[in-house]
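Novice: Please see the structure below; I have some questions.
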């Protein structure tokens, strides 16, 4: 791994993580929520993640492990690491109470109409708890973005964009309770941006792990794990959230568009 490659992988992961702050900013400047745009965008993110996970990341992990263990054992190891990634993402998601889940669909209109509801539950506590939850969620996403970018920027960049889009609703979930509790935009934006730092932290952990035992077998297992994480995020979080915004067909069109854009980008930069 060259220093330049590592730098760009960290940079993309950092940008993707800090997009939670965009959600915090949107709340203060948008009077209404463009649900059509959100439905399409979230579907697009899912399409990018699902396509690249199965077509590139899983396949690349299988090839690496196949060379190390043999074709059949390599495939079995890749499949095992894929489902381990699914399980890891599912366990993290199960830790989150449904009423605090930052992946629940929210609109600006709903957020502005909920101060009295949040006040009964403790506004500041709600916002901080959501920030902690998002931080836990973002850790494996940071590993996924970093690992993909480390291997090749041709699919690392689209993944970083997809994760960034995914993080915007999370920023809304964090900033609104903190803002209504404290009256401070600065604090609200601080917590929404800070939660995104979990993604570069996840990247740092991945870098330490890969640097310490860097070989084809370890990298192949990590690729399988990353593919599982991203597929679960897409199926459990992105697509259901797009559906909850009430635009089923736009979510489906976004899904297919994301796959198509990912396919074209992989072809152009092959």
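The values are calculated or read from the model by the stated rules, or taken from the named source; none is laboratory data. Everything quoted here is computed from the prediction, not taken from an experiment. Note: ideal-geometry Cβ built from the backbone for every residue, glycine included; neighbour counts use all protein chains shown.
Novice: Scan segment 134-147 and report the pairs whose first residue is at positive phi and surrounded by 24 or more Cβ atoms within 10 Å (Cβ to Cβ) and whose second residue is in a helix (DSSP H, G or I) and at pLDDT 70 or above, with Cβ atoms within less than 7 Å and a gap of 6+ or a chain change.
Specialist: none
Novice: Of all the residues that make up segment 42-62, how many are in contact (Cβ under 8 Å) with a residue 12 or more places away in the chain and surrounded by fewer than 17 Cβ atoms within 10 Å (Cβ to Cβ)?
Specialist: First, pick out the residues of segment 42-62 that are in contact (Cβ under 8 Å) with a residue 12 or more places away in the chain: 42-58, 60-62.
Now restrict to residues that are surrounded by fewer than 17 Cβ atoms within 10 Å (Cβ to Cβ): 54-55.
Of the residues in that region, 2 qualify.
Novice: Let me ask something else. Quick one: residue 155 ticks every box in (1) buried (at least 16 other Cβ atoms within 10 Å of the Cβ); (2) at pLDDT 70 or above except a single one, so which number is it?
Specialist: Residue 155 satisfies all of (1) buried (at least 16 other Cβ atoms within 10 Å of the Cβ); (2) at pLDDT 70 or above except (2).
Novice: How many residues, within segment 159-186, are farther than 21 Å from residue 140 by Cβ, surrounded by fewer than 24 Cβ atoms within 10 Å (Cβ to Cβ) and at pLDDT below 80?
Specialist: Selection size over segment 159-186: 6.
Novice: Which of (1) over 22 Å from residue 206 (Cβ atoms); (2) surrounded by fewer than 20 Cβ atoms within 10 Å (Cβ to Cβ) does residue 241 not meet, given it meets every other one?
Specialist: Going through (1) over 22 Å from residue 206 (Cβ atoms); (2) surrounded by fewer than 20 Cβ atoms within 10 Å (Cβ to Cβ) one by one, residue 241 breaks only (2).
Novice: Moving on to the next point. Which condition number in (1) outside any helix (DSSP H, G or I); (2) at pLDDT 80 or above is the one that residue 214 fails?
Specialist: (2)
Novice: Still on this structure, I have one more. Run residue 255 past the list (1) at pLDDT 85 or above; (2) over 29 Å from residue 77 (Cα atoms) and report the number of the one that doesn't hold.
Specialist: (2)
Novice: Only one of these conditions is not met by residue 189: (1) more than 15 Å from the chain's Cα centre (by Cα); (2) modelled with pLDDT of 75 or more; (3) under 26 Å from residue 48 (Cβ atoms). Which number is it?
Specialist: All conditions pass for residue 189, except number (3).
Novice: Given (1) under 19 Å from residue 50 (Cβ atoms); (2) at pLDDT 90 or above, identify the lone condition not met by residue 89.
Specialist: Result: residue 89 fails condition (2) only.
Novice: Please indicate, with yes or no, whether at least one residue in segment 58-81 is at pLDDT 90 or above and not in a helix (DSSP H, G or I).
Specialist: For segment 58-81, residues at pLDDT 90 or above and not in a helix (DSSP H, G or I): present.
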